[in-house]
Amino acid sequence: MVEKNEMKYPMLARVARRALGIPATSAPVERLFSTAGLVLSHKRCSLSPDMAADLIFLHETWELTAKLEAEAKVKVAAERDARLARAAGAHIVDVD
């Protein structure tokens, strides 16, 4: 299913692969329980189950979201630079 729309939605495809992939170890699950333990402390016992789930989700996806956002900005800047170079008649050789 991810492959079908990967070209159309590349960032969503990356998130789907990470979120829906089967982990090779139990470390992500242990990290999730650790996060849940921090969120669901005695001081926060009045949190609703939905709010607790939202906080845990945000904590677990914050770094991934920031990384994907930074990569998208780099890609947009590179595309802009390429357009400007083409408009100026210059030829830039992309070295990967």
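The values are calculated or read from the model by the stated rules, or taken from the named source; none is laboratory data. Please read these numbers as outputs of a predicted model, since none were measured by experiment. We place every Cβ from the backbone using ideal geometry, glycine too, and count neighbours over all the protein chains shown.
Suppose the filter is more than 19 Å from the chain's Cα centre (by Cα), surrounded by fewer than 11 Cβ atoms within 10 Å (Cβ to Cβ) and in a helix (DSSP H, G or I); does Asp81 pass it?
Here the answer is no, as Asp81 does not meet what is asked.
Identify the residue in segment 59-76 that is surrounded by 13 or more Cβ atoms within 10 Å (Cβ to Cβ) and among the hydrophobic types (A, V, I, L, M, F, W, C) and, among all such residues, is farthest from Gly37 (Cα to Cα).
Checked segment 59-76; the qualifying residue farthest from Gly37 (Cα to Cα) is Leu68.
So the check is Cβ under 8 Å with 6+ separation or different chains; which pairs have a first residue in segment 59-83 that's without any contact (Cβ under 8 Å) to a residue 40 or more places away in the chain and farther than 15 Å from Ala13 by Cα and a second one that's hydroxyl-bearing (Ser, Thr, Tyr) and part of a helix (DSSP H, G or I)?
Cβ pairs passing all conditions: His59/Thr35; Glu60/Thr35.
How about segment 29-56: which of its residues are surrounded by 13 or more Cβ atoms within 10 Å (Cβ to Cβ) and without any contact (Cβ under 8 Å) to a residue 12 or more places away in the chain?
If the condition is that a residue be surrounded by 13 or more Cβ atoms within 10 Å (Cβ to Cβ) and without any contact (Cβ under 8 Å) to a residue 12 or more places away in the chain, then Leu47, Ala53, Asp54 are the ones that fit.
Working only within segment 7-28, note down all residues that are free of Cβ contacts under 8 Å to residues at least 60 places away in the same chain and part of a helix (DSSP H, G or I).
Within segment 7-28, Pro10, Leu12, Ala13, Arg14, Val15, Ala16, Arg17, Arg18, Ala19, Leu20, Ala27, Pro28 qualify.
Okay, residues lined up against (1) more than 27 Å from Glu6 (Cβ to Cβ); (2) modelled with pLDDT of 85 or more; (3) touching a helix residue (DSSP H, G or I) at 6+ places or on another chain (Cβ under 7 Å):
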position: Phe33; (1), (2), (3): yes, no, no
position: Ala36; (1), (2), (3): yes, no, yes
position: Lys43; (1), (2), (3): yes, no, no
position: Trp62; (1), (2), (3): no, no, no
position: Glu79; (1), (2), (3): no, yes, no
position: Ile92; (1), (2), (3): no, no, yes
